[in-house]
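> This structure is in C-alpha cells; I'll ask about it shortly.
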Amino acid sequence: MTRHFLTLLDLTPEELRGLIRRAHELKRAHRRGEISEALRHKVLAMIFEKSSTRTRVSFEAGMTQLGGSAMFLSPRDTQLGRGEPIEDTARVLSRMADAVMIRTFEHEKVETFAAHSDVPVINGLTDRFHPCQLLADMQTFFEHRGDIAGRTVAWVGDGNNMCHSYINAARQFDFHLRIACPQGFEPDAEILAEAGERCELVRDPRAAVEGAALVVTDTWVSMGQEEEKQRRQVAFAPYKVTRELMGRAEPDALFMHCLPAYRGMEVEAELLDGPDSVVWDEAENRLHAQKALLEFLLA
Ligand code: CP
Ligand code: NVA
C-alpha cells in the first residue's frame, strides 16, 4: 500500500522516532562525506504554489545526495495553473515520478492528490499543516536536549499551520504543549480537541513559557494573509518572543522558528541571533530529516 505524509498522524509514533534516528545517522554520514545511492534514479516531482527557500532546496539537495533527482514545478508553467484538474495531474505525475511533494493553500488539495496518486505524496506545507518542519524541529530538540517526551513546549503566536503541526507532534512524541495566542487567532478547535489534555490554550505568553524546555513561534503573517498584515501586527504585538520572555522558561530552554523570521516583529533580533536560538540547526535538519522521510517512503 502506498504511504503518504500529509500530516504527522500518517506515521506511527515508532515510525516517527525511527525517522529522527535515521535523520541523525544520515547527518553524520553526510558530514563524513559518505555517498549514498539509496534512491538511485528515483525522481521526486515538487509542486510549489507558494514561495519557498528551505523546502525546495532541502528536497532538491536531499534527492541528489541520495542518488536521485527532483524537479521543480510551478503552477505558472504547468497545466495546473490553466485549470487541469488536480486528480488528472496526480494520475499523470504518479506514472512518471516516484514521489510527489506539494506546497499549496487548501489542505484538501493534497488529500485529493494523494487519493489519486499511486506514488507517495508529501505535504510541503498547506494552510493547515507543515509536517516536514516538525521532523526537523524534533530532530533538533533530540540532538540538543534528548527525548522530548514528558517535556513542556510553548507555542507563542498564531494558531496557524505550524501550530497545528505542533499539536500533532505533542500527540505523536508525547509532550505537553501550551499555546498562547490572541483572541480570534486560535488553532482549529477540532485539531486541538483531538489532542486532549496534552495541549492547553492560554492567553498570556508568560504563563505559556513557564517551565518550558522549548519556546517556538512563527511569522504573524503567513503566506496568503498579506492583506491582513496591519490588523495582525496590532493583535500580535503582545506576543513577541523576547529574551525577557525566554527568561521565564527553563534555564536551558531552546528557541525555535521555522523561518523566514521577521526580526523585531514575532521575535526580538537579539534572541533569534543569540545563544538560546537553534534556528540554523533547525533549518539544516530539514535536509537530513526529509532524506530519512524519502528513504522511508521510497527505498
Ligand atoms: N520553513 C520553511 O518551510 O521555509 P520555506 O518557506 O523557505 O520553505
Ligand atoms: N506559517 C508560515 C510558515 C512558512 C514556512 C506560512 O504558512 O507562511
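> Are any residues in the range 272-299 touching a Ser or Thr at 6+ places or on another chain (Cβ under 6 Å) and assigned to a helix (DSSP H, G or I), and if so, which ones?
Asp281, Glu282, Asn285, Arg286, Leu287, Gln290
> Scan the range 226-270 for residues that are assigned to a loop (DSSP other than H, G, I, E, B), at negative phi, of a type in the set (A, V, I, L, M) and open to solvent by less than 40 Å² (accessible area, probe 1.4 Å) and jot them down.
Matches in the range 226-270: Ala249, Ala253, Ala261.
> Just to verify a result, which residue in the range 35-67, among those that are away from ligand 2 (no atom under 16 Å from the Cβ) and of a type in the set (Gly, Ala, Ser), is nearest to Thr89 (Cα to Cα)?
Ala45
> Testing Asp127 on (1) farther than 22 Å from Glu15 by Cβ; (2) open to solvent by less than 10 Å² (accessible area, probe 1.4 Å), one condition comes back false. Which one is that?
Checking Asp127 against (1) farther than 22 Å from Glu15 by Cβ; (2) open to solvent by less than 10 Å² (accessible area, probe 1.4 Å), the one that fails is (2).
> State all residues of the range 160-175 that are more than 15 Å from ligand 1 (Cβ to nearest atom), within 20 Å of Glu190 (Cβ to Cβ) and open to solvent by 10 Å² or more (accessible area, probe 1.4 Å); if no residue qualifies, say none.
Answer for the range 160-175, where residues must be more than 15 Å from ligand 1 (Cβ to nearest atom), within 20 Å of Glu190 (Cβ to Cβ) and open to solvent by 10 Å² or more (accessible area, probe 1.4 Å): Arg171, Gln172.
> Pick from Ala193, Ala169: which is among the small types (Gly, Ala, Ser) and either under 23 Å from Met265 (Cα atoms) or over 19 Å from the mean Cα position of the chain (by Cα) (or both)?
Ala193
> Hey, among the residues in the range 137-159 that are of a type in the set (A, V, I, L, M, F, W, C) and out of contact with any Cys (no Cβ under 6 Å at 6 or more places or on another chain), which one's surrounded by the fewest Cβ atoms within 10 Å (Cβ to Cβ)?
Per the stated criteria, the residue is Ala149.
> Check off (1) out of contact with any Phe, Trp or Tyr (no Cβ under 6 Å at 6 or more places or on another chain); (2) farther than 29 Å from Arg40 by Cβ; (3) within 15 Å of ligand 1 (Cβ to nearest atom) for Leu135 and give me the number that stays unchecked.
Among (1) out of contact with any Phe, Trp or Tyr (no Cβ under 6 Å at 6 or more places or on another chain); (2) farther than 29 Å from Arg40 by Cβ; (3) within 15 Å of ligand 1 (Cβ to nearest atom), the lone unmet condition for Leu135 is (2).
> Name the pairs: first residue in the range 182-207 and basic (Lys, Arg), second residue part of a loop (DSSP other than H, G, I, E, B), Cβ to Cβ under 6 Å, at least 6 apart or on different chains?
Close Cβ pairs satisfying both conditions: Arg206/Arg248.
> A follow-up question, please. Go through the residues of the range 208-222 one by one and say whether even a single one is in a helix (DSSP H, G or I), away from ligand 2 (no atom under 16 Å from the Cβ) and open to solvent by less than 30 Å² (accessible area, probe 1.4 Å).
yes
> Another question about this same structure. Answer yes or no as to whether Leu201 is crowded, with 18+ Cβ neighbours inside 10 Å and more than 16 Å from ligand 1 (Cβ to nearest atom).
So Leu201 does not fit the description; no.
> Out of the residues in the range 113-132 that are more than 16 Å from ligand 1 (Cβ to nearest atom) and out of contact with any Leu (no Cβ under 9 Å at 6 or more places or on another chain), which is nearest to Val209 (Cα to Cα)?
Looking at the filtered set, the residue picked out is Ala115.
The values are calculated or read from the model by the stated rules, or taken from the named source; none is laboratory data. Only a predicted model underlies this, so the values are computations on that prediction, with no experimental measurement involved. FYI the Cβ positions are ideal-geometry reconstructions off the backbone, even for glycines, and counts take in every protein chain you see. Heavy atoms of the whole protein, side chains included, go into the accessibility calculation; ligands, DNA and RNA do not. Shrake-Rupley method; radii C 1.70, N 1.55, O 1.52, S 1.80 Å.
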